[in-house]
Structure formats: structure tokens, C-alpha cells
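Structure first, commentary second.
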Amino acid sequence: MSSDEIKRVIIIGAGQAGGETAQRLRQAGFEGDITLLGEEPHAPYQRPPLSKKYLAGELTMDRLLLRPANVYAEEKIALLTSLRAVWIDRAGKKVRVEGGRELPFDALVLATGSKPRKLPLVGADLAGVFTLRTAADIDAMKPHFVAGKKLVVIGAGYIGLEAAAVARQLGLDVTVVETAVRPLARVTSPEVAGFFLDEHTRQGVRFVLGGQPALIKGSDRVTAVGLTDGTEIPADIVLAGIGVNPEMTLAQQSGLTTENGVITDAQCRTSDPNIFAIGDCAARPISFFDNRLCRLESVHNAVEGAKIVAAAITGGKPPALEAPWFWSDQYDLKLQIAGLFQGYDHIVFRGVMTDRAFAAFYYQGERLIAVDAVNKPAEYLGAKMLIQTGRTLPREVIADETRPMKELVASAK
Amino acid sequence: MPKITYIEASGKEHVIDAPNGQTVMEAAVKHAVPGIDADCGGACACATCHVYVDPDWLAKTGEAGSMEQSMLDFANDVETNSRLSCQIKISDALDGLVVRLPKSQH
Ligand SMILES: Cc1cc2nc3c(=O)[nH]c(=O)nc-3n(C[C@H](O)[C@H](O)[C@H](O)COP(=O)(O)OP(=O)(O)OC[C@H]3O[C@@H](n4cnc5c(N)ncnc54)[C@H](O)[C@@H]3O)c2cc1C
Ligand code: FES
């Protein structure tokens, strides 16, 4: 369908990707109907602060919103909250919502995000066991986040470790249980993981690495986490941080191609040309990485998907793409990541970990593929720029700290 | 409430009532001022909220911190009055602040 035949756009999922899509469609001059459907009660909001400043009580909900709720009406975006889409009729080009109403579309955008994995354990439904995905999750957990309470975090990914950091700062007693032998095993190198392990340990977090949770104990509320080796870790609160699954129920029901995510092309089009998929629920080819299909869970990916779809629907100029980027705040550490580190064979450092300011550059042969920069923003931005312009620097050159990063980037080929 | 004037690269002006405690970036984004992308939502992670502070106001906004300065070094068309607007907190002292926006954030 050509762009001038698209009069009605429905976006399912009013999260970061969905919210940005609606806004960017209007910015791109789209004048047709936009319906933005979300099952949460809020206008689109940012999730990153949930495990950071919102959990710490430093930000209120109104400041998480991408835009104030009244802006949607002003821009003639029909924002329907607390409403779930339950069926896609691809042939009839309609979406059915809870209650049975059917809404017609010319173009449909799936921005359904991801859902936290539930602990596959007896006791996982006890009061005091939480996941960390929505504002409602934090609102439920926050009253228990008080000094002296015992928190057990299951899973040492970025979100779990961010929550652990906030908990320590609020004076909770924190244990992190991780089945792998090191934290952050899926997302960074052993070296950088070791740095974060040491930081958290110094801040008083206890780690049980290689620990296998067996059950959550308690009669009405959680009292402990039991491990397979018989160890019991007393707990007032348990936070499950064992990752997310892409939310693909509607895509699967309607027969779109899915794997670990709704599969799309570089324009974010699914196997049905009238349906796009973006954000956490989708996997698209990433040009900087040989068009490898990637399902990324990041703000960058959500926003970029929104820009791509807005351009595709309006027939506008596609956005300049960025190398994937992500950040994480723990204590006073700002970790900034660019690129994708999977498949690296060399790691080069600038700065030293003991200064709590260093960058780890990941190389595949001669090619720079990613950076993890802790309190080193120039190294992060410099590497990001190199990756997204397809340039690299010899490893011994990037390690030369006597030359500023900016100068090195300018000299790169 | 303090008023802030944002001037797009094209010269178009937006005068906005900006609540104390929020940042110059947030007030712009909430009112859809074009030209401030602010992809990271103020985490000092994206450098897409670059503005030029009107020289008369530089004393009041203060200077960029070291993290912010390193990020700015990589932004396009950086000037001595460049700031990341997510790092400028709004207060009564900034009532009347004028910032200009760069041609592009990327
Ligand atoms: C605690 C936390 C911290 C994070 N920190 C960072 C960070 O520091 N940096 C970073 O880059 N990224 C971070 N992320 C990841 C980032 O927030 C996500 O990648 C991003 O929110 C994905 O946006 P999305 O719109 O695809 O999905 P979501 O934001 O999950 O939005 C999807 C929405 O669709 C709704 N929905 C699903 N199915 C239906 C349906 N059938 N009908 C109606 N509505 C539906 C969902 O309820 C949800 O509201 C963090 C995420 C979390 C949870
Ligand atoms: S909003 Fe991202 S650095 Fe300011």
C-alpha cells in the first residue's frame, strides 16, 4: 500500500516505541487517524528510571511520561489506555479489543514490548515476590523498600543490579542469586562483570553465584528463597530479574513470522506488508552488524523503530541509523554501551578499573564492534561514532591514553 | 512559573512556562519543541538535547559538568555556550532564559 492510501494507523502497545511512533507520525505530517492502544493505565512513559530514580523515590510518575497526557488529544491521537487488543484480523484489516469492539486499520504497528519471565518455582505467586517492568510493579514494591528489609534479587542482569544498588542506598539487606558463575553473563565480558561484582560487593551486596533457586518459601508472604543445595536465604522481598520474553501473542495468533521476536525487515515491516513491529517485541536486521537479525531491548531500539515506521508510513526520508546503545546507572557509576559485543575476540582498555573510570573496547579481529564505558563518556561516544560510520582504530592506538579520544576518532579510517 | 524561550535554528521562537525542578530539556520535550530529541530522557547518555545558552545567561546556568563536557565534545557544531539541556535545572533564577537550538542533534 502506498503511503497516501494510509488513512488509519493503529498502534498496539502504548509504551516507548508506540508513543514515539504516534508522535513522530504527526511530526512527519501524517494527517490521518492514529489510535494508540495500551493495556496499562498510563500514557506512554519511560521505563529506564523505574529501576533507578523512580525506585529511589527521586522522580514522580508525571516526570516519567514521554509527553503530558493532554498532548495526545491536542494532536488528535486517540490514546486508549487500560484497553487490551485481543485479536488481529489480517484479511479484514481490523483489530478487536477487549469487550469486542473492532477497529479498522490501513497500517498496524505492533509495539507490544516484552513481559518479565515468571520464576518457574513453587511459591512464585506469594505476596512479596515482584517483577520489575511497569510503574505498577514499582508502586507495589516500593512500600517494602525500607531500611533493614531483606531483599533477594534473583538474576544478575542490569535491571536486577540497578535495583540492588538502589536497595543498598536505601539501607536494605541485599542478596543477589545468579545461576551463572558471574553476574551480567549475557550482556558483558567477564572483565567488566568482575568490576561490577566488586563494586556491589564493596557496597555490601552479597552474591550467590552459581546458585540455583529451588523454591520460594512462605505461607502467605515470602519468608525465604530456598536453593537446590539446601541453602535458605531469608527474604522479606524477592525480585525476579531473570529476563523478559517478547510479547508476541497477537503476532503468533495472526500467523506473522516470529522467532525470538516478530521478524521484520530493515523497514520494520513484518511478513504482512501492512503490519509493522518495533521495540522489544521485534527483531530486525542491524546494518552495522552485517544485517544480523537482532531483538534489542533498549530505548535506542524503541525510538529508532518509531522513526523508521513513521518514515515508512508517510513515505518520508528514512532516519540516519545509530549503532545500538544502552546505559545503566548503578551507585555513582554510569555505564554507557555502544555496539554489540557478541563474538568479540579481543578486549582493549583505556583507563583502569580502580579509578572507576575506564572503557572496554571489544574487537572482532581488527574491527571495533562494541564499547562498555564506565564514567568515560568520550570513549563511549567516540566508539559509537566509529561503529556507526564503519570505521575502526588499531587496538594499540585506541589503548593510547596520552591521545584524547576525539583526536583518535578524527584520525580513524 | 519561570518562562523559557527556545529559538529553533530557523529562528522560530517557543516561549514556555517551565516548572521549577524540571530540566530545560524536559520542558521542551513536554511541549514538543522540535529540535530537542532527548532520546535517553535526561540520563546524560545520548547527547541529543544540545542547546546554546544565550551569552547573557551563562553566569546563571553555570558550567557543564565533566561528564556533560565530554559528551558535548562529540556533538555537532559545539560552541563555548553549548550545554546539554537535560543537565540544566529550572529555577526562578532562570526565569526569562533564552536558549537556541542547533540545526541537528545527530
Ligand atoms: C526497569 C527497566 C529499566 C530499563 N533500563 C534501560 C536503560 O537504562 N536503558 C535502555 O536503553 N533501556 C532500558 N530498559 C529497556 C527499555 O525500557 C525498553 O527496551 C523499552 O521500554 C521498550 O519499549 P517498547 O515500547 O518496545 O515496550 P514497552 O515499553 O514494554 O511497551 C509495550 C506496551 O505494550 C503494552 N501491550 C502489550 N500487549 C498489548 C496488547 N495486546 N494490547 C494493549 N497493550 C499491550 C504493554 O502493556 C506495554 O505497556 C529498561 C527496561 C526496564 C523494564
Ligand atoms: S537527554 Fe540524553 S543527554 Fe540529555
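The values are calculated or read from the model by the stated rules, or taken from the named source; none is laboratory data. Because the structure is a prediction, the values reported are computed rather than measured. Heads up, the Cβs are rebuilt from the backbone with ideal geometry, glycines too, and the neighbour counts pull from every protein chain shown. What goes into the accessible areas is simple: the full protein's heavy atoms, side chains included, and nothing from ligands, DNA or RNA. Shrake-Rupley method; radii C 1.70, N 1.55, O 1.52, S 1.80 Å.
Which ones in the stretch A:6-46 are closer than 21 Å to A:MET248 by Cα and among the β-branched types (Val, Ile, Thr)?
A:VAL9, A:ILE10, A:ILE11, A:ILE12, A:THR21, A:THR35
I'd like the residue in the stretch A:314-323 that is away from ligand 1 (no atom under 13 Å from the Cβ) and within 11 Å of chain B (Cβ to nearest Cβ) and, out of all such residues, is least open to solvent (accessible area, probe 1.4 Å).
Filtering the stretch A:314-323 for residues that are away from ligand 1 (no atom under 13 Å from the Cβ) and within 11 Å of chain B (Cβ to nearest Cβ), the one least open to solvent (accessible area, probe 1.4 Å) comes out as A:PRO319.
Out of B:ALA32, B:ALA43, I need the residue that is over 13 Å from the mean Cα position of the chain (by Cα), of a type in the set (A, V, I, L, M, F, W, C) and near ligand 2 (Cβ under 9 Å from one of its atoms). Which one?
B:ALA43
Test of understanding: among B:LEU72, B:LEU97, which residue is within 16 Å of ligand 2 (Cβ to nearest atom) and not polar (S, T, N, Q)?
Only one candidate qualifies: B:LEU72.
Being surrounded by fewer than 24 Cβ atoms within 10 Å (Cβ to Cβ), at positive phi, over 18 Å from the mean Cα position of the chain (by Cα) and of a type in the set (D, E, K, R): is that true of A:ARG356 here?
So A:ARG356 passes the test.
Scan the stretch A:107-120 for residues that are in a loop (DSSP other than H, G, I, E, B) and either closer than 22 Å to A:ALA302 by Cα or open to solvent by 50 Å² or more (accessible area, probe 1.4 Å) (or both) and jot them down.
A:ALA111, A:THR112, A:GLY113, A:ARG117, A:LYS118, A:PRO120
Enumerate the helices (runs of 4 or more DSSP H) found wholly within the stretch A:1-85, keeping only those where 2 or more residues are closer than 21 Å to A:SER298 by Cα and either within 11 Å of chain B (Cβ to nearest Cβ) or among the acidic types (Asp, Glu) (or both).
It comes to A:16-27, A:61-64.
Tell me the residue from A:GLN16, A:GLN46 that is assigned by TED's automatic domain parsing to the domain that holds A:ASP280, closer than 17 Å to A:PHE276 by Cα and within 15 Å of the chain's Cα centre (by Cα), please.
A:GLN16
Which residues, taken from the stretch B:22-71, are assigned to a helix (DSSP H, G or I), open to solvent by 20 Å² or more (accessible area, probe 1.4 Å) and hydrophobic (A, V, I, L, M, F, W, C)?
Listed by number, the residues that qualify are B:VAL29, B:TRP57, B:LEU58, B:ALA59, B:MET67.
Taking A:ALA370 as meeting all but one of (1) closer than 21 Å to A:PHE196 by Cβ; (2) in contact with a Leu (Cβ under 7 Å, 6 or more places away or on another chain); (3) within 14 Å of another protein chain (Cβ to nearest Cβ), write down the number of the exception.
(3)
Could you please find all residues in the stretch A:120-146 being touching an Asp or Glu at 6+ places or on another chain (Cβ under 9 Å) and of a type in the set (Gly, Ala, Ser)?
A:ALA127, A:GLY128, A:ALA135, A:ALA136
Scan the stretch B:86-101 for residues that are open to solvent by 10 Å² or more (accessible area, probe 1.4 Å) and over 10 Å from the mean Cα position of the chain (by Cα) and jot them down.
Matches in the stretch B:86-101: B:SER91, B:ASP92, B:ALA93, B:ASP95, B:GLY96.
Given A:ALA107, A:ALA111, A:ALA127, A:ALA140, which one is touching a strand residue (DSSP E or B) at 6+ places or on another chain (Cβ under 8 Å) and within 9 Å of ligand 1 (Cβ to nearest atom)?
Residue meeting the stated conditions: A:ALA111.
Go through the stretch B:18-47 and count every residue that is touching a strand residue (DSSP E or B) at 6+ places or on another chain (Cβ under 8 Å), in contact (Cβ under 8 Å) with a residue 60 or more places away in the chain and more than 10 Å from chain A (Cβ to nearest Cβ).
Result for the stretch B:18-47: 7.
Just to be sure I understand the filter: pairs with C-beta atoms under 7 Å, separated by 6 or more residues or on different chains, first member in the stretch A:371-392 and open to solvent by less than 10 Å² (accessible area, probe 1.4 Å), second member of a type in the set (Asp, Glu). Which pairs pass?
A:VAL371/A:GLU379; A:ALA373/A:GLU379
Which residues, counting only those in the stretch A:259-308, are near ligand 1 (Cβ under 10 Å from one of its atoms), within 14 Å of another protein chain (Cβ to nearest Cβ) and of a type outside the set (A, V, I, L, M, F, W, C)?
A:GLY279, A:SER298, A:HIS300, A:ASN301, A:GLY305
Tell me whether the stretch A:28-46 contains one or more residues that are within 16 Å of ligand 2 (Cβ to nearest atom) and surrounded by 23 or more Cβ atoms within 10 Å (Cβ to Cβ).
Scanning the stretch A:28-46, I find at least one residue that is within 16 Å of ligand 2 (Cβ to nearest atom) and surrounded by 23 or more Cβ atoms within 10 Å (Cβ to Cβ), so the answer is yes.
Among the listed residues A:ARG63, A:ARG67, A:ARG101, A:ARG96, identify the single one that is surrounded by 14 or more Cβ atoms within 10 Å (Cβ to Cβ) and over 27 Å from the mean Cα position of the chain (by Cα).
Every option except A:ARG96 fails the conditions.
Going residue by residue through the stretch A:375-385, is there one that turns out to be away from chain B (no Cβ under 11 Å) and either over 16 Å from A:ALA323 (Cβ atoms) or modelled with pLDDT of 95 or more (or both)?
no
Scan the stretch A:226-250 for residues that are more than 20 Å from the chain's Cα centre (by Cα) and under 20 Å from A:ARG84 (Cβ atoms) and report the count.
1
Every residue in the stretch A:324-350 that is of a type outside the set (A, V, I, L, M, F, W, C), surrounded by fewer than 18 Cβ atoms within 10 Å (Cβ to Cβ) and more than 24 Å from the chain's Cα centre (by Cα), please.
Matches in the stretch A:324-350: A:ASP345, A:HIS346.
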